[in-house]
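Reading through the structure tokens given below for one structure.
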Amino acid sequence: MVNQRLMAVLLLGVLIIVPLTVYADRGMPHDDGDHPMIFGVETKMLGEIARNFMIFSVTVMVWKPAFIYMNKNANQLFETPKESKKKLKRVDTLYMRLHYWISFAAVVIGGLHGYGSMEKDNGWMYWAGWAGMVLMSLTGALMLWKWPPKKVRKGSRMLHTQRVVLILTIVLLFVAHG
Ligand code: HEM
């Protein structure tokens, strides 16, 4: 049962991450050698950084279920389960810190990339995709902070961890970028 669920979740993660990396390989669209600048930096480069950060951000879909699975089955998987669980926890803490900061950076850098590219191309779909990234970050932050009421945190967790907002965001970004 655990295995089936784990496999399904991992598969979904791979299905989201692989097209993103394939897309990354193809290079950015509008690659006609004439790139707008913002703060002295090419917006194309900012777009590439944001995209790579976003790819890192969604690897959480593979790490989290794998972490939960290894933690649950540590007795069967490791020779020294207690030690291994401690190590896993340390890796998870570090990984999640990276998840928060790199995802947040993806939103800021992606926003600058979009703003700088506006005179060239300003379709609503880019901004709808970016709004999805903002929503993911906001709900992620609300989940972590203690001050909002429990109801708000619960709703945020739901929006953040179910895949609909994320998939819609990625589809919008994909389609907008041609
Ligand atoms: C573009 C931005 C982001 C994307 C695409 C994203 C995506 C995801 C996904 C898909 C999960 C679910 C992993 C799973 O359980 O399978 C997750 C978990 C999580 N994210 Fe994000 N995230 C983003 C930004 C953030 C930010 C900025 C924060 C915090 C400031 C954050 C905090 C969290 C937390 C705390 C969890 C773990 C929830 C749990 O324990 O079940 N995320 N993220």
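Do the conditions hold for Tyr100, that is, is it touching a Phe, Trp or Tyr at 6+ places or on another chain (Cβ under 8 Å) and surrounded by 14 or more Cβ atoms within 10 Å (Cβ to Cβ)?
no
If Asp121 passes every condition in (1) in contact with a His (Cβ under 7 Å, 6 or more places away or on another chain); (2) within 10 Å of the ligand (Cβ to nearest atom) but one, which one does it miss?
Of (1) in contact with a His (Cβ under 7 Å, 6 or more places away or on another chain); (2) within 10 Å of the ligand (Cβ to nearest atom), only one is false for Asp121: (2).
Just checking, which of Val18, Val9 is surrounded by 12 or more Cβ atoms within 10 Å (Cβ to Cβ), among the β-branched types (Val, Ile, Thr), at pLDDT below 95 and in a helix (DSSP H, G or I)?
Going through Val18, Val9 in turn, the sole match is Val9.
Please identify the pairs in which a residue from region 142-169 that is within 10 Å of the ligand (Cβ to nearest atom) has its Cβ atom under 6 Å from the Cβ atom of a residue that is polar (S, T, N, Q), counting only partners at least 6 apart or on another chain.
That search, which allows pairs on different chains as well, returns Leu142/Ser156; Met143/Ser156; Ser156/Thr139; His160/Thr139.
Which one of the conditions (1) part of a helix (DSSP H, G or I); (2) of a type outside the set (Lys, Arg); (3) over 30 Å from Gly110 (Cα atoms) does Glu79 fail to meet, given that it meets all the rest?
(1)
For the subset of region 112-151 comprising residues that are in a helix (DSSP H, G or I) and aromatic (Phe, Trp, Tyr), which member is nearest to Leu46 (Cα to Cα)?
Among those that are in a helix (DSSP H, G or I) and aromatic (Phe, Trp, Tyr), it is Tyr115.
Restricting attention to region 88-118, and to residues there that are basic (Lys, Arg) and over 15 Å from the mean Cα position of the chain (by Cα), which single residue is farthest from the ligand (Cβ to nearest atom)?
Arg90
Is it true that Phe56 is under 25 Å from Val134 (Cα atoms), of a type in the set (Phe, Trp, Tyr) and modelled with pLDDT under 95?
no
Looking for something surrounded by 13 or more Cβ atoms within 10 Å (Cβ to Cβ), touching a residue at least 12 places away in the same chain (Cβ under 8 Å) and within 9 Å of the ligand (Cβ to nearest atom) - is there at least one such residue anywhere in region 71-87?
no
I'd like the full set of residues that are surrounded by 13 or more Cβ atoms within 10 Å (Cβ to Cβ), at pLDDT below 85 and of a type in the set (A, V, I, L, M, F, W, C), limited to region 22-53.
Those that are surrounded by 13 or more Cβ atoms within 10 Å (Cβ to Cβ), at pLDDT below 85 and of a type in the set (A, V, I, L, M, F, W, C): Ala24, Met28.
The values are calculated or read from the model by the stated rules, or taken from the named source; none is laboratory data. None of the values given here were measured: they were computed from a predicted structure. Positions of Cβ are generated from backbone atoms using ideal geometry, with glycine treated the same way; all protein chains shown enter the neighbour counts.
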